[in-house]
Structures are given as C-alpha cells and as structure tokens.
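The numbers here are math on the coordinates, done by the rules we state, and not lab data. Everything numeric here is computed off the predicted structure, so don't read it as measured data. Every residue, glycine as well, gets a Cβ built from its backbone with ideal geometry; the counts of neighbours run over all protein chains shown.
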Amino acid sequence: MLKLILGGVAALLLAASALLWMLRPGTQRAEGSIAPDFALQDQNGQTHRLGDYAGRWLVLYFYPRDDTPHCTREACRFRDDIGTLGALDAAVIGVSTDSPRSHADFARKHGLPFPLLSDPAGRTAAAYDSLLDLGILRIARRRTFIIAPDGRIAARFDRVDPAHHAEEVLRVLGQLQHARGTPPSQPDGHA
C-alpha cells in the first residue's frame, strides 16, 4: 500500500514539474526591442508581414484557439473597439496556430473585421515568446504586443483578461502616443 501511495505522489510530482517546465517563461521580447518579423497567411489567403504595418501602430495579439469562449470574447471586444483603434491609427491582428479555414469560419461567424493569421508551426508565436509547446500540440499563449510605427515593441501584455483586454490596450496605446508626442487623431480628422 505504501508503495502505491509513494508511486502516486511521485507521478503527481513528475506531472507538476512537467507542467511548470512547459509554462516557464522563455526569452522575453523586451519593450523597446525590435519586433520579430513574420510572414503569415490570413483567413482570406493573403500574406501579411510586419513591414506591411510600418509607420503605424499595430496591436498583435496571440490567442489559443478559434471559437472558444475566452478567445471569442477577446476577439469580439477588439471587433467592438476597432473604430476607436483605427482613430488611434492602430491596426489589429490576431494570431493562433489554427488553420486559415478555421480562421475564416471564426471571422465570418463573429464579424471580425481584422486579419487572423495562421501560424501552424508556431514559429511566429515562439519568436514572440507566445508559444505553448506540448510536444504533439502547439498552441499560442494569450499575449498581446503593441508595436510602434518604428517596428519596436512599445508594450507587451503577458496576463490578459479577455473581457477587458481591448480597453486596457486602448488605454496603454493612448498613453504611449501621448508620451511620444503623437496625439491620437480625432475621428473627424482633426488633431
């Protein structure tokens, strides 16, 4: 009986160590560092590169899976705030390891007006320290990066509450623009 209990405890400790190892932070892309380049296909088959967004702000958010409750909530919040983000001269891009077809279904179902990029091998997610690699399964970690017009990471969010994240991004984006002396434009075009 004691051997059975000790074996169970050992198995639990081994499982806990493996889980902690998988969730460990990797090499973090620090604020102020150059954002890693990418070339990924969206839900419509169009390839997007980081350079396509040079000269404007980019909200690049990584999420685990299409059409799951938290991922849907986060995407719909960005959808609902897309006009305000546009007024701040910011584009929004979602990235997960799901296929372009899955992204197309997800975007259509929820009326998402921004690109969802497919990163099936997880290379871009890994470059942004946003990949959870479970061996046979790779999923993006829920993280967001605000990339400045000069291609540098201006802010990163490692702990994301999907219900309020878009508001947090808007607030930080406004602060960043104010600190850089680039006030956001008004929706009517006046500064």
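What are the radius of gyration and Dmax of the stretch 56-183, computed over its Cα atoms and given in Å?
14.1, 47
Sticking with the crude label model, points 7 Å out along Cα→Cβ, report the distance from Asp89 to Ile136 in nm, one decimal please.
Calculated label separation equals 4.9 nm.
Using 7 Å Cα-to-Cβ label points, what is the Ile34/Lys109 separation (nm, one decimal)?
3.9
Under a plain spin-label model, where a point goes 7 Å from the Cα along Cα-to-Cβ, how far apart in nm are Lys3 and Arg123?
Simple spin-label model gives 5.0 nm for this pair.
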